[in-house]
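The values are calculated or read from the model by the stated rules, or taken from the named source; none is laboratory data. All values derive from a computational prediction rather than experimental measurement. Counting neighbours? That spans all protein chains shown, and the Cβs are built from the backbone with ideal geometry, glycine included.
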Amino acid sequence: MTGSDWLDLVKIVVGAGIGTAVVQWLASIAADERSKKSKADFLALQLAINLEAFARQCIELDRENEFAEHHPDQQFPDWSATLPSISQTPDDIDGWRSLDQNMVGRYYNLWADRDAEQKSLSDALYHVEDDLVEYVALSVEKLGSRALKLATEIRTRHGLLLSQPDIGEMEERFVRRAKWAQEQLDAERQRNARLAASLLPKDEPQEQ
């Protein structure tokens, strides 16, 4: 029952001439419900802002790698594989309980997946450093797109002001850069496969 529903119920009770104590009790419940909704909406706004900020930081990392300086004495440009972190949230137990638990679970799953992606990138740094910029682009697309989607769902669910004007541009960049990265990796795999095939011993013609 929403806060407006409680208020309507109080009006009905008053109109029916029920005792003052009951009216006060219902009014206090209505006020408590409004307070819970207010806390939930405030926490939801913080989560949405955190998620959108995380997505922007993902884009900034990818942009820095895209235009990273390449010094003559270095084999590769100054690429970074350090993913941004998601901002901490307030320790508001009542607020958390008032939120949709599926969305809360997805929020914390994103934290865990961010750490998993960071480990994968750290491994790539030592094994396939020449492809690092592509792997970072794929990671930030995977995480950043999820963050934007969840932020929009949270804002919609709680009737908050919808996403900022640049959200559409961010989503487009994630898709474009991930497509580029995957094409680069696929092309390199094909080159490596052709090279490996060329190194295989050729069958010698059999003598007649």
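What the table shows:
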item: Members of region 84-110 found to be more than 17 Å from LEU61 (Cβ to Cβ) and among the hydrophobic types (A, V, I, L, M, F, W, C), listed by number; result: ILE93, TRP96, LEU99, MET103, VAL104
item: Residue match in region 127-142 (condition: acidic (Asp, Glu), assigned to a helix (DSSP H, G or I) and under 14 Å from the mean Cα position of the chain (by Cα)); result: yes
item: Set GLU64, GLU52: member being out of contact with any strand residue (DSSP E or B) (no Cβ under 8 Å at 6 or more places or on another chain), assigned to a helix (DSSP H, G or I), in contact (Cβ under 8 Å) with a residue 12 or more places away in the chain and farther than 27 Å from GLY105 by Cα; result: GLU64
item: Every residue from region 116-141 that is acidic (Asp, Glu) and either touching a residue at least 40 places away in the same chain (Cβ under 8 Å) or under 21 Å from TRP180 (Cβ atoms) (or both); result: GLU117, GLU129, ASP130, ASP131, GLU134, GLU141
item: Lone qualifier among SER145, SER139, SER198 - being more than 21 Å from ALA68 (Cα to Cα) and surrounded by 11 or more Cβ atoms within 10 Å (Cβ to Cβ); result: SER145
item: Residue within region 185-203 that is touching a residue at least 24 places away in the same chain (Cβ under 8 Å) and among the hydrophobic types (A, V, I, L, M, F, W, C) present; result: yes
item: Matching option when the condition is touching a Lys or Arg at 6+ places or on another chain (Cβ under 7 Å), within 26 Å of LEU51 (Cα to Cα) and at pLDDT 85 or above, among LEU121, LEU132, LEU110; result: LEU110
item: Within region 73-84, considering residues that are at pLDDT 85 or above and exposed (fewer than 13 other Cβ atoms within 10 Å of the Cβ), the one farthest from the chain's Cα centre (by Cα); result: ASP78
